[in-house]
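A short write-up of the structure that comes next.
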Amino acid sequence: MAALLKDFAVSCHVADPERFLRLCDRFYELLTAANGQMNLTRITSRAEFDVKHVIDSLAVALSFPEFAEKPLRVADIGCGAGFPSVVLAAAFPQLRITAIDSTHKKIDFVASAVRELGLDNLSPVAGRAVELGRTKEYAGAFDVLTARAVATAEKLRGEGRRMLAPGGRFILYKTPGQLDELEALATDRSMRWHATPAYELPEGAGGRLFLVGARSGGKDV
């Protein structure tokens, strides 16, 4: 499984795959230890962690190579135990990521992982996107908003749109079965929405695609 993860990291243009694998090993140790005290994830085996958490989180760089190339300002809404935020921060040090969750115990865990892994490009924040977007610090502050297994695209658009910079994008992790969420966004005049082609995760872990919403009136990042 380590070879699969390394090969996938290389295909995503992770600059230092060996360092990335070491960070993933330590992150798995931290997650499983913390999971014994609080419910952070139902995925506890290392094989499932590698595919359903790490590879799934990292796969955004296949569809959007700029994650590996540009110093994007990224906010991960509803980050949970740190997916995709911790994985992306470990893979791409040039990113500047803010991990947001309203559950303090999850943010506390992510903060402890940031310290243990030395991820100085990741900032955990306890709060709700809809409220943070009304503050001077976070309004219009991000090039990309990500969310994975959190809420519908329509709800995420409403809660996070104030946080996007001009030309910014939502990039939402979805399954092919959730493609119908685009229908609810058909009347959205402030953003242009589309879906990426679907692909299959390794080891029969299921299908994945991204719903992408770009703010009108600005150049895409």
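Just so you know, all these numbers are worked out from the coordinates, no wet-lab data involved. The structure displayed is predicted, hence computed values, not measured ones. Every residue, glycine among them, receives a Cβ derived from its backbone with ideal geometry; neighbour counts consider all protein chains shown.
Quick notes
- Under the combined filter of DSSP loop state and at most 10 neighbouring Cβ atoms within 10 Å, the stretch 53-147 retains these GluC sites (Glu not before Pro): E137.
- Taking C12, C79, C24 and counting other C-beta atoms within 10 Å, the order from fewest to most: C12, C24, C79
- Legend: ranking of residues Y199, Y173, Y28 from fewest to most surrounding C-beta atoms inside 10 Å; resulting order Y199, Y28, Y173.
- Bridges between two residues of the chain, per DSSP, are antiparallel at a rate of about 40%.
- Ranking of M163, M191, M38 by neighbouring Cβ atoms within 10 Å, starting from the fewest: M38, M191, M163.
- A Förster distance of 35 Å, applied to the separation of the beta-carbon atoms of L4 and Q94, puts the FRET efficiency at 0.90.
- Pair-distance distribution of the chain: all C-alpha pairs, bin width 10 Å, starting at 0; shares per bin in whole percent are 8, 36, 39, 16, 1.
- Euclidean distance between Cα centres, the stretch 86-151 to the stretch 1-75, Å: 16
- Rounded to the nearest 20 debye, the dipole size of the chain about its Cα centre is 660 debye, using +1 on the Cβ of Lys and Arg and -1 on the Cβ of Asp and Glu.
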